[in-house]
Amino acid sequence: MHETLSNLPLLSGLPAQVLVVLAMVSAGGIILGCIAVGGMFFIWSERKVAGYIQSRYGPMYVGGWHGVLQSLADGVKLLLKEDIWPEKADKPLWRMAPLLVFLGAFLSFVVLPFGPNFVGANLDIGLFYVMATSSLVVMGVISAGWGSNNKWALYGALRGAAQVISYEIPLGLALLPVVMSTGSLNLGTIIQAQAGWIHNWHLLNPLFFVSFWIYVISSLAEVNRVPFDLPETESELVSGYHTEYTGMKFAFFFLGEYADMFVVSAIGVTVFLGGWYSGIPALDVPALFPLIFILKSFFLVFVQIWLRWTLPRLRVDQLMYVCWKVFIPIALANLLLYGVIRTVLS
Amino acid sequence: MHQQFATVFVFMLLGLAFLFVSQIASKLLRPKNPYAAKQQSYECGEEPEGSPWIQFNVRFYLIALFFIVFDVEIIFMLPWAVVFNEMLGTVGPLAFWEMFTFVCVLLVGLAYVWLKGDLDWVKTIIARDDDELVNRGLSRYSSGDKLGKPGLGASEYV
Amino acid sequence: MVKFVTDIWDTFSTVFKGMGITARYMRKKPVTQQFPEERWALPDRFRGFVHNDVPRCTSCTLCAKACPVDCIYIEMEGKGKDRRMTRFAIDYNKCIWCSLCTEPCPTNCITMSHDYDHSVYLREKLVYEFVGDPVIPFKPKKAAREEEAEA
Amino acid sequence: MTDVRPHQDIATPAGDIAKPIKSELLHINMGPQHPSTHGVLRLFITTDGEMVTKVVPYLGYLHRCAEKIAEGNTYHQYIIYTDRMDYLAAMNCNWTYCLAVENTLRSLGVEVEIPEYAEYVRVIIGELNRIASHLIAFGTYGLDIGAMTPFFHALREREAILNIFEKVCGARLMYSYYDVGGVKWDIPDDAMDEIKLFIDLFPAKLDEYNELLTGNKIFVERTANVGVLDAATCIDYGCTGPVLRGSGVKHDLRKDDPYSIYDRFDFDIPVGTGTVGTVGDCWDRYHVRMLEMYESWRIIQQAVDRIPPRGEVMAKMPKNLKVPPGQGYYRAENPKGEMGFYIISDGGTVPFRCKTRSPAFHNLHIIEHVGKGQMISDLCATIGSLDLVLGEIDR
């Protein structure tokens, strides 16, 4: 990216190092803006989808057409909201929690490959990096729950911890066959393996079919969405781990959650749905790559929203049952089966 | 490569900057009117009974142990998965059978904890010394005894 | 093992069934109304704010007696020909829209109107005074009463 | 009575006895401001991790002294207070109270002849309100389990019923429509058309609910075998209505002790059968309500078919209703269970005492018994399956 910057007339005289840093900062700024705008868009679309599923309109007034700016108005409202802190809270932990949740989601965006050249940091261990940063969220959840000195929050945090760490295993195991196939953890390389016609997508490869389903369901659990939204079960735990948060702190939890939704969807698109490729070679022009990638990710986000407004939620022991007795054995079997097939075929 | 990680670092700084800027902006704009009732921990509109910072019974603490085992396993498997293709070419089926053995050993472990019942939520209220439930377990789906003390004041619990 | 597989199958099939229903609703038009712009056509019997038509009020206090929450205040001065109604007030803080007051009214002057959105900022403003200066209560004419009886 | 379970029950599947884990109990106020206590119920729960070891319900956050108010209001005036008991089925509460007054009058020698047409109107409106109440029960139960959409779908159909009620009596929640001796107004033609339309459309909606929630595997797993109440316990605690029927007891006053004109209609009493779990679990109680909506639909259909031409809707009643000295009790099957009014009269225009037997009050207290040893999520599911209305519990 810094090469592009060096071509700009204003910046052409600057030394290369400065340009590199400038490139990093501008990339970060762009992604930050995308998260804020994208997060608001997801919140708005969630409310609209929920509305239409439930035979009502959802937000309609702010911003003219179908209340598109409702989330912005809510954001401004949250910015102006009084910050209420529980007197007995463990202040440092309590203050740190929303930052961790947001940061965990934000850091994952660095490696998301929106296009061959539209990537913040093209890490060779991209997939591993995403798995690592997304577990930062659980730190935030735990510190929120423990720090707020609230019993419901405590329940939410402990459930969240058990859930997120458990579901990381099937999530990782589901991704392994693809890694074995492509021989790389670099997200760009994984996408390039799916170039060409649509049947090259890993989703349509029968060997990866089970992996895909395990990934999609586990990713729901990773981002605490229905039917796995146990950390914030609003009907049982009032609001779960963010019961005690108001104003901007609450906004960060919210934004973090929606950013996380996008991250897992984007990883799903990268690994299984052909990333930035449209599936039709004629359409694969570099200018369209980010658009295709984002549209596909939006589709997966939409599926998450759709599921949320359809399903009841699981109980905490059933959640664990599904993870340890269904997904992990199936994922392991799937992995071994894939290994056997590859070995035999070679 | 270093530059890539530097990017990650710059991102982190940017994220933190964003967080702090918005917090400070909010601090400048928002009203401030704390009082005792507002700052009470939320417990459905009642005064909180005791502290939540207790030795909490995490039934699934065993799961945490298994998690560590399995997560380490995934970390071992990731590099293997990356080089799996190359190894098929160089060492042949051995590339698979090695990992197969490794996974099988872990599967035995999983089977063991599964059969032992440690993957089940312990669906009992365990007998406790400091409670009226002394030496008595209640199964989760049983209805328990009918002689609960009715109408105890909340103060009697703390 | 069979149960394990059928459970997974059941889960997927019922989840997809539910998603089918919700997907169907996503395409349907919502049934709700955009309240301030679109308004509900109120049925004839709608029980809105109680309204008193003072010129026809005989100040007989039957409505006040019928009210189960005592939200109608009627005050009078004088006797016989000098009788004046000085106050007829309804406290909508208390009113429960039961329409019991309309039943005993001899002249049908107290009615349930079709108004329903009288929001105010102060509770005191919900005490509606119907009488400003003292008024002479309405005296139904005998002829009119006979006509009514015939009808 | 102490029920010490054999060790197999508390054992892990492999047969080991669970070993004590050192941990402390957590005391939590669940409610009055809690999303799943259906109002301002306060449950003081003691938990050991996720497991609830003790549940104590505390009442009175919505207490309005309804029974005391009855002693200062005439028999007519008290009707509007019965609206505010079970506010989700206000028509049925009105009806029960009017039945109680009428039957007290009858038992004391005053003849009350309710017109045939009024009886049909009472049945149609009462059963419509039963459907409306069960729709709320269905919707909020979905909320308790975590599904939000069924709630809105249920509200949508409930709106259709409320529109009918609005045309019939002018109010959408607090109807005060039934009167001692009949009903206050007849059903206008447009409302009758809407009732017929509702009859046509409702079964399809019911099927949709079943597809969306009842059959859902996650829902079944959450509710089957949870909060099991056996028939004997239910009877011990005085539970009635869907809670009792969910435990397999075929008890419905509309059949067992027919009042009004229920003996003329053909309908069944659904009972819990343990289709997906044990008899008397949450799913059974929930499913009984779903089936009851269908049965109510059948009753309305028959009543609409057979309703006589429009006539008087009120019996000849004195303007100032006085009940001779004496007493009387009458009960009727409300959506939540068996509601009854016990009226003592000293001969005046106001009752000397008017005691209410409200179903949800009796259904609630079983939570202390069944909540023990459940998980918090199950407790929410159990509370939801009892279908509590705090207005009626606290009165």
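The values are calculated or read from the model by the stated rules, or taken from the named source; none is laboratory data. Bear in mind the structure is a predicted one, so any value in this text is a computation, not a measurement. Positions of Cβ are generated from backbone atoms using ideal geometry, with glycine treated the same way; all protein chains shown enter the neighbour counts. These area figures cover heavy atoms from the full protein model, side chains too; ligands, DNA and RNA do not enter into them. Shrake-Rupley method; radii C 1.70, N 1.55, O 1.52, S 1.80 Å.
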State which residue is surrounded by the fewest Cβ atoms within 10 Å (Cβ to Cβ) when the search covers only the stretch A:77-90 and only residues that are more than 7 Å from chain B (Cβ to nearest Cβ) and over 28 Å from the mean Cα position of the chain (by Cα). A:D90
Residues of the stretch D:246-264 satisfying the condition of being open to solvent by less than 10 Å² (accessible area, probe 1.4 Å) and either among the aromatic types (F, W, Y) or at positive phi (or both): D:Y259, D:Y262
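Does B:G45 satisfy the criteria of being in contact (Cβ under 8 Å) with a residue 60 or more places away in the chain, surrounded by 13 or more Cβ atoms within 10 Å (Cβ to Cβ), within 14 Å of chain D (Cβ to nearest Cβ) and not hydroxyl-bearing (S, T, Y)?
On the way: in contact (Cβ under 8 Å) with a residue 60 or more places away in the chain: no; surrounded by 13 or more Cβ atoms within 10 Å (Cβ to Cβ): yes; within 14 Å of chain D (Cβ to nearest Cβ): yes; not hydroxyl-bearing (S, T, Y): yes.
So B:G45 does not fit the description; no.
Of the residues D:S176, D:S247, which is touching a residue at least 40 places away in the same chain (Cβ under 8 Å) and out of contact with any strand residue (DSSP E or B) (no Cβ under 8 Å at 6 or more places or on another chain)? Step through it out loud before you land on a result.
Details: D:S247 fails: touching a residue at least 40 places away in the same chain (Cβ under 8 Å).
From the options D:S176, D:S247, the qualifying one is D:S176.
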Scan (1) touching a Ser or Thr at 6+ places or on another chain (Cβ under 9 Å); (2) away from chain B (no Cβ under 14 Å) for the single condition D:I383 breaks and write down its number. (2)
For residues in the stretch D:26-41 being at the interface with chain B (Cβ under 7 Å from one of its Cβ atoms) and under 25 Å from the mean Cα position of the chain (by Cα), which is farthest from D:G146 (Cα to Cα)? D:P32
Odd one out for A:L203 among (1) surrounded by fewer than 23 Cβ atoms within 10 Å (Cβ to Cβ); (2) within 12 Å of chain B (Cβ to nearest Cβ): (2)
Please indicate, with yes or no, whether at least one residue in the stretch A:122-137 is surrounded by fewer than 24 Cβ atoms within 10 Å (Cβ to Cβ) and closer than 23 Å to A:L288 by Cα. yes
Which residues, taken from the stretch D:273-329, are out of contact with any Ser or Thr (no Cβ under 8 Å at 6 or more places or on another chain), farther than 28 Å from D:D387 by Cα and open to solvent by less than 60 Å² (accessible area, probe 1.4 Å)? D:V304, D:I307, D:P308, D:G311, D:V313, D:M314, D:A315, D:M317
Mind checking whether some residue in the stretch D:332-351 is in contact with a Pro (Cβ under 8 Å, 6 or more places away or on another chain) and of a type in the set (S, T, Y)? yes
C:Y116 being out of contact with any helix residue (DSSP H, G or I) (no Cβ under 9 Å at 6 or more places or on another chain), among the aromatic types (F, W, Y) and either assigned to a strand (DSSP E or B) or modelled with pLDDT under 85 (or both): yes
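Tell me the helices (runs of 4 or more DSSP H) entirely within the stretch D:130-232 that contain at least 2 residues that are aromatic (F, W, Y). Talk me through it step by step, then tell me what you get.
Details: elements: D:149-169, D:189-209, D:217-223.
Because the criterion is at least 2 residues that are aromatic (F, W, Y), the helices (runs of 4 or more DSSP H) in the stretch D:130-232 that meet it are D:149-169, D:189-209.
Give C:I90, C:I74 a once-over and let me know the one that is away from chain D (no Cβ under 12 Å), touching a residue at least 40 places away in the same chain (Cβ under 8 Å) and touching a Phe, Trp or Tyr at 6+ places or on another chain (Cβ under 8 Å).
Values: C:I74 fails: touching a residue at least 40 places away in the same chain (Cβ under 8 Å).
Among C:I90, C:I74, only C:I90 is away from chain D (no Cβ under 12 Å), touching a residue at least 40 places away in the same chain (Cβ under 8 Å) and touching a Phe, Trp or Tyr at 6+ places or on another chain (Cβ under 8 Å).
Checking the conditions here, which among A:T233, A:T243, A:T270 is polar (S, T, N, Q), in the same structural domain as A:V322 (by TED's automatic domain parsing) and open to solvent by 10 Å² or more (accessible area, probe 1.4 Å)?
Details: A:T233 fails: open to solvent by 10 Å² or more (accessible area, probe 1.4 Å); A:T270 fails: open to solvent by 10 Å² or more (accessible area, probe 1.4 Å).
So the residue among A:T233, A:T243, A:T270 that is polar (S, T, N, Q), in the same structural domain as A:V322 (by TED's automatic domain parsing) and open to solvent by 10 Å² or more (accessible area, probe 1.4 Å) is A:T243.
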Please work out if A:G275 is open to solvent by less than 10 Å² (accessible area, probe 1.4 Å), more than 14 Å from chain D (Cβ to nearest Cβ), more than 14 Å from the chain's Cα centre (by Cα) and under 18 Å from A:W201 (Cα atoms). yes
Being open to solvent by less than 10 Å² (accessible area, probe 1.4 Å) and under 27 Å from D:I79 (Cβ atoms) is the filter here, so list the residues in the stretch D:145-161 that pass it. D:I161
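Condition (residue is of a type in the set (S, T, Y), open to solvent by 10 Å² or more (accessible area, probe 1.4 Å) and at pLDDT below 85) applied to the stretch A:24-46: is it met by at least one residue?
As a first pass, look at the stretch A:24-46 and keep what is of a type in the set (S, T, Y): A:26, A:45.
Checking which are open to solvent by 10 Å² or more (accessible area, probe 1.4 Å) leaves us with A:26, A:45.
Those still in the list that are at pLDDT below 85 too: A:26.
Checked the stretch A:24-46: at least one residue is of a type in the set (S, T, Y), open to solvent by 10 Å² or more (accessible area, probe 1.4 Å) and at pLDDT below 85.
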May I ask you to verify whether C:T111 is in the same structural domain as C:P137 (by TED's automatic domain parsing), touching a His at 6+ places or on another chain (Cβ under 7 Å) and either of a type outside the set (F, W, Y) or open to solvent by less than 80 Å² (accessible area, probe 1.4 Å) (or both)? yes
Determine whether the stretch D:107-115 contains at least one residue that is within 13 Å of another protein chain (Cβ to nearest Cβ) and at pLDDT 85 or above. no
Under 8 Å between Cβ atoms, at least 6 apart or on separate chains: pull out the pairs that start in the stretch C:1-19 with a residue that is facing another protein chain (nearest Cβ under 7 Å) and end on any residue that is of a type in the set (S, T, Y) and surrounded by 15 or more Cβ atoms within 10 Å (Cβ to Cβ). C:V15/A:T310; C:G18/A:T310; C:M19/A:T310
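Test of understanding: among D:V56, D:V52, D:V101, which residue is hydrophobic (A, V, I, L, M, F, W, C) and in a helix (DSSP H, G or I)?
Working: D:V56 fails: in a helix (DSSP H, G or I); D:V52 fails: in a helix (DSSP H, G or I).
Exactly one of D:V56, D:V52, D:V101 is hydrophobic (A, V, I, L, M, F, W, C) and in a helix (DSSP H, G or I), namely D:V101.
Would you confirm, using the coordinates I've provided, whether D:V243 is within 21 Å of D:A332 (Cβ to Cβ), within 13 Å of chain C (Cβ to nearest Cβ), touching an Asp or Glu at 6+ places or on another chain (Cβ under 9 Å) and open to solvent by less than 10 Å² (accessible area, probe 1.4 Å)? Spell out the reasoning first.
Numbers: within 21 Å of D:A332 (Cβ to Cβ): yes; within 13 Å of chain C (Cβ to nearest Cβ): no; touching an Asp or Glu at 6+ places or on another chain (Cβ under 9 Å): yes; open to solvent by less than 10 Å² (accessible area, probe 1.4 Å): yes.
So D:V243 does not fit the description; no.
Residues checked against (1) open to solvent by 60 Å² or more (accessible area, probe 1.4 Å); (2) part of a helix (DSSP H, G or I); (3) touching a residue at least 60 places away in the same chain (Cβ under 8 Å); (4) closer than 30 Å to D:H27 by Cα:
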| residue | (1), (2), (3), (4) |
| --- | --- |
| B:S22 | no, yes, no, no |
| B:S26 | no, yes, no, no |
| B:P34 | no, no, no, yes |
| B:P52 | no, no, no, yes |
| B:I68 | yes, yes, no, no |
| B:E73 | no, yes, no, no |
| B:F84 | no, yes, no, no |
| B:G92 | no, no, no, no |
| B:C104 | no, yes, no, no |
So for the stretch C:32-44 (the condition being outside the structural domain of C:P134 (by TED's automatic domain parsing), touching a helix residue (DSSP H, G or I) at 6+ places or on another chain (Cβ under 7 Å) and either under 29 Å from D:N73 (Cα atoms) or buried (at least 17 other Cβ atoms within 10 Å of the Cβ) (or both)), does at least one residue qualify? yes
